[in-house]
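Structure first, then comments.
Rule-based calculations on the coordinates, nothing more; no lab input. Fair warning: this is a prediction, and the values are worked out from it, not measured in the lab. Note that each Cβ is placed from the backbone with ideal geometry, even for glycine, and that neighbours are counted across all protein chains shown.
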Amino acid sequence: MAEASVGIVEKQFFEYRGSFVLESEAKLEGFVLAYETYGRLNDERDNAILICHALSGDSHAAGWYGGDKKPGWWEDMIGPGKAFDTDKYFIICSNVIGGCKGSTGPGSFDPKAGSPFRLAFPVVTIGDMVHAQALLIDHLGIACILCAAGGSTGGMQALQWCVSYPDRIRSCIPIATTHRHSPLQIAFDEVGRQCIMADPKWEGGNYPEGGGPDAGLAVARMIGHITYMSDKSMERKFGRQLKKKEYGYVFTQEFEVEGYLRYRGDSFIQRFDANSYLYITKAMDYFDLQRDRSLAQAFSHVKNMNFLIIAFSSDWLYPPYQSKEIVKALKMNGLDVTYCEISSDYGHDAFLIEFEEETILIKHFLKKVLRKNVIAKI
Amino acid sequence: MNTRNNRNEKTLQRLDHKIIASLITPGSKVLDLGCNEGVLLDYLVKERGIDGYGIEISESAIYKCVAKGLSVSHEDIDSGLKHYPDQFFDFVIFNQTMQQVHRPRHALIRALRIGKKVVVGFPNFCHIRARLQLTLLGHVPITASLPYTWYDTPNLHFLSIRDFIHFCRDEEITIENRAYLTKKNTLKVFPNLLAYNGLFVLTCPRRTGQAATS
């Protein structure tokens, strides 16, 4: 295991000092973006791949922080000889603005007010997140990235990259994602937000540091986890199994599934900020590449890019039909697209689990993109 | 029996792949409908330097295609054709899969819209061996190009070379080129009786014009 890993890594910070205008036309006077890199940027500076993370993810995609027991969230996919091969590619994983993992977000200090932003933080969009990432890519001296890849909200960022910066990206791997949030997805996000906002400890977003709407955030996460699994995976993982042998006829955690959700909820409050949860889910809900045009029109200025679209059969939160819509729009523009619906029982979570299938697809896809990139330069 | 059939199928496949390669203009953009593991596309990439795409329903075959560096879409031929722009491909290949889709006429017409030329290959149901098995022995034919038993055949439609020629005439589809295949060679005479497979290169000026103006 150790030799197939990028090993010990460190979180880095990019500080942008300029004025950053958001899609809402609100302004941020500079921002910080947390990121990590693995592998080496080649002399031509053309082997960079941007990994975009999902809702609750962070910039720690691979390797270990010194002293940690758990590696980054996509350790199975990033490293020497893996799908995102760090012997070949320079991998960048960037956190998002609005987050709480080292980047500027509602919990950050607002120098103007002399206190944390909290709800004074402007609402951000997926477009804003990607805009900030593009400034990071500038800072790293990279004109064009070889690929942007990510699952779920990360996939939305990857797609947004193609539409916002078509000249700065060669290929895209959106996984278990959509080109626009559906009413079902918005509904689940809104229930999550209401859980937080209904918790009196939320205090209109002004909860003190170290405190906050823990109960609300935990329930939001519990709901999230249900949508990440599938009927089948829950049946297999928990069944109707009880923690004790007999029914207790009480309202404590009796079923295994209850215990699991509570555990997930409780561990989430240790690592995530409630206001950030509001901001990032809102950004997801606003995400709509299409708006008042057809999706094919949205991609009409994208040229010579390669796409690998991956969906999972049991994903009911981001169902394969949404990926197929993207495939259809790309085809209508004559773009090179490979699509695979991986059969899996793991639901939306599959993108973090089915790494063997993902590895075959991604590894060979990137090899092709790299070859085409070399040919294009000759 | 099975081994022999497989061997025959492989010989045939190599022959039809060779003939298809000879029909394809080097460097052209090619879509293979039901490309399976991408053997033909890969061969065409190597032999003719094509830009190859595939549509395939089997997930395991998708991995094999991607490993060959091919671009392939995991979907049904019946629904996977409609979104490409008109005349987007130089060639659309429909080899040994036309008889396996639910609506072959529909798929073929769509293929003729998105491809400048369509290459169709199919097993001849009226080969002499098939005819004899049907009429004299009284069972559903099993031949070199139709090696399946009735209960596990992927074929949904059965046609002869003559049927197909009539079909093209009725649909105003132009047959630009054709080849009739025996096990190891091509033949010119009595194809409907002696050929195991037919290969046709089709164009359809009428439908192309329609698609372009619609």
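Filter A:372/B:64; A:27/A:331; B:46/B:116; A:88/A:282; A:70/B:68 down to the pairs with a C-alpha to C-alpha distance above 31 Å, please.
Values: A:372/B:64 20 Å; A:27/A:331 37 Å; B:46/B:116 22 Å; A:88/A:282 36 Å; A:70/B:68 35 Å.
Those over the limit are A:27/A:331; A:88/A:282; A:70/B:68.
Tell me the angle of helix B:39-48 to the major Cα principal axis of chain B, expressed in degrees between 0 and 90 and rounded to the nearest ten.
The angle comes out near 60 degrees.
Report the one residue of A:300, A:216, A:263 whose Cα lies farthest in the direction of the positive end of the charge dipole of the stretch A:181-312 (charges on C-beta: Lys and Arg +1, Asp and Glu -1; origin at the Cα centre).
The listed residue farthest towards the positive side: A:300.
For the stretch A:186-282, what is one quarter of the convex hull surface built on the Cα atoms, given in nm²?
Directional mean of the projected Cα hull area for the stretch A:186-282 stands at 7.1 nm².
Taking a cut-off of 23 Å between Cα atoms, list the lysines near residue A:69, but don't count ones fewer than 8 places away on the same chain.
Straight-distance partners of residue A:69: A:11, A:82, A:101.
Please report, largest first and rounded to whole Å, the three semi-axes of the ellipsoid equivalent to the stretch B:2-213, where each semi-axis is the square root of five times an eigenvalue of the C-alpha gyration tensor.
After diagonalising the Cα gyration tensor, the semi-axes are 26, 20, 16 Å.
Ranked by Cβ crowding within 10 angstrom, fewest neighbours first, how are B:94, A:238, B:190 ordered? Don't skip to the end; give the middle numbers.
Working: B:94 26, A:238 16, B:190 11.
Sorted ascending by nearby Cβ count, the order is B:190, A:238, B:94.
Inside 10 Å of the C-beta atoms of B:85-98, what's the mean count of C-beta atoms belonging to other chains?
Neighbouring Cβ atoms belonging to other protein chains average 1 per residue here.
Looking at the square roots a ≥ b ≥ c of the eigenvalues of the Cα gyration tensor of the stretch A:115-164, which shape do they give, rounded for a/c under 1.5, prolate if a/b is larger than b/c, or oblate?
In terms of gyration-tensor shape, oblate.
Amide H to amide H, which residues 5 or more places from residue A:337 or on other chains are under 5 Å from it, using H placed in the peptide plane?
Residues meeting the criterion, in which the H sits 1.01 Å from N, are A:307.
Over the stretch A:186-282, what relative contact order in percent results from Cα pairs under 8 Å that are six or more residues apart? Write down the numbers at each step before the final one.
Numbers: 91 pairs, mean separation 29.9, N = 97.
So the answer I get is 31 percent.
Assign unit charges at the C-beta atoms only (+1 for Lys and Arg, -1 for Asp and Glu), then state the dipole size of the stretch A:248-324 relative to its Cα centre in Debye, rounded to the nearest 20.
So the dipole magnitude of the stretch A:248-324 works out to roughly 480 debye.
When only Cα pairs under 8 Å and 6 or more residues apart are kept, what is the percent relative contact order across chain B?
On the way: 393 pairs, mean separation 40.5, N = 214.
Once divided by the residue count of chain B, the mean separation gives 19 percent.
Let's see if you can work this out: charge +1 on each Lys and Arg Cβ, -1 on each Asp and Glu Cβ, no other charges. What is the dipole magnitude of the stretch B:105-158 about its Cα centre, in debye to the nearest 20? Before the final figure, lay out the partial values.
On the way: 7 positive and 1 negative charges, 90 e Å.
The calculated dipole for the stretch B:105-158 is roughly 440 debye.
Treating cross-link reach as a plain straight distance, find the aspartates and glutamates whose alpha-carbon is under 18 Å from the alpha-carbon of residue A:324, omitting any fewer than eight places away in the same chain.
A:288, A:315, A:336, A:341, A:358, B:56, B:59, B:75, B:76, B:78
For an R0 of 60 angstrom, estimate the FRET efficiency from the Cβ-Cβ distance between residue A:246 and residue B:79 and round to the nearest 0.05.
According to the calculation, E is roughly 0.70.
For the ranges A:6-19, A:265-278, what's the packing order if you count other beta-carbon atoms within 10 Å of each residue, average per peptide, and put the highest first? The partial results should precede the final answer.
Numbers: A:6-19: 14.1, A:265-278: 19.2.
The densest-packed peptide leads the list: A:265-278, A:6-19.
Taking the dipole about the Cα centre of chain B, with the C-beta of Lys and Arg at +1 and of Asp and Glu at -1, give me whichever of B:156, B:58, B:85 is farthest to the positive side.
Selected residue: B:156.
Using θ = phi - 60° and the Karplus relation 6.51 cos²θ - 1.76 cosθ + 1.60, list the HN-Hα couplings for the stretch A:267-272 in order, rounded to whole Hz, with x at every Gly or Pro.
6, 5, 5, 6, 10, 9
Quick one: which of A:324-331, A:177-184 comes out on top by average Cβ neighbours within 10 Å, and what's the full order, highest first?
The densest-packed peptide leads the list: A:324-331, A:177-184.
Using Cα centres only, tell me the gap between the stretch A:299-319 and the stretch B:102-181 in whole Å.
Using only Cα atoms, the two centres lie 35 Å from each other.
With a sphere of radius 14 Å drawn around the Cβ of residue B:156, what net charge do the other residues whose Cβ falls strictly inside it have (Lys, Arg +1; Asp, Glu -1)?
Numbers: positive: B:103, B:105; negative: B:76, B:78, B:152.
Here the charged neighbours net out to -1.
Could you give the spread of the C-alpha atoms of the protein assembly as shown along their three principal axes, from largest to smallest, in whole angstroms?
Extents along the principal axes, in whole Å: 92, 66, 50.
Net charge within 13 Å of residue A:34 by Cβ-Cβ distance, Lys/Arg positive one each and Asp/Glu negative one each, not counting residue A:34 itself?
-2
How large is ³J(HN,Hα), in whole Hz, for each residue of the stretch B:193-204 in order, when computed from phi with the Karplus curve 6.51 cos²θ - 1.76 cosθ + 1.60 and θ = phi - 60°, using x for Gly and Pro?
Calculated HN-Hα couplings, in order: 9, 10, 8, 7, 9, x, 10, 10, 10, 10, 9, 9 Hz.
So which lysines pass the test for residue A:245, namely a Cα distance under 23 Å, with those fewer than 8 places away in the same chain ruled out?
Correct list for residue A:245: A:237.
Taking the Cα centre of chain A as origin, sum charge times position over the Cβ atoms of Lys and Arg (+1) and Asp and Glu (-1), and report the length of that vector in debye to the nearest 20. Working shown, then result.
Details: 41 positive and 47 negative charges, 121 e Å.
Once rounded to the nearest 20, the dipole reads 580 debye.
Suppose a student asked you for the relative contact order of the stretch B:27-88, using Cα pairs under 8 Å spaced at least 6 residues apart; what percent would you report?
Averaging sequence separation for qualifying contacts and normalising by length gives 32 percent for the stretch B:27-88.
Residue-wise, which Karplus ³J(HN,Hα) couplings in Hz belong to the stretch A:276-286, taking 6.51 cos²θ - 1.76 cosθ + 1.60, θ = phi - 60°, and x for glycine or proline?
Per residue, the Karplus-derived 3J(HN,Hα) values read 4, 4, 5, 5, 6, 5, 5, 4, 4, 5, 6 Hz.
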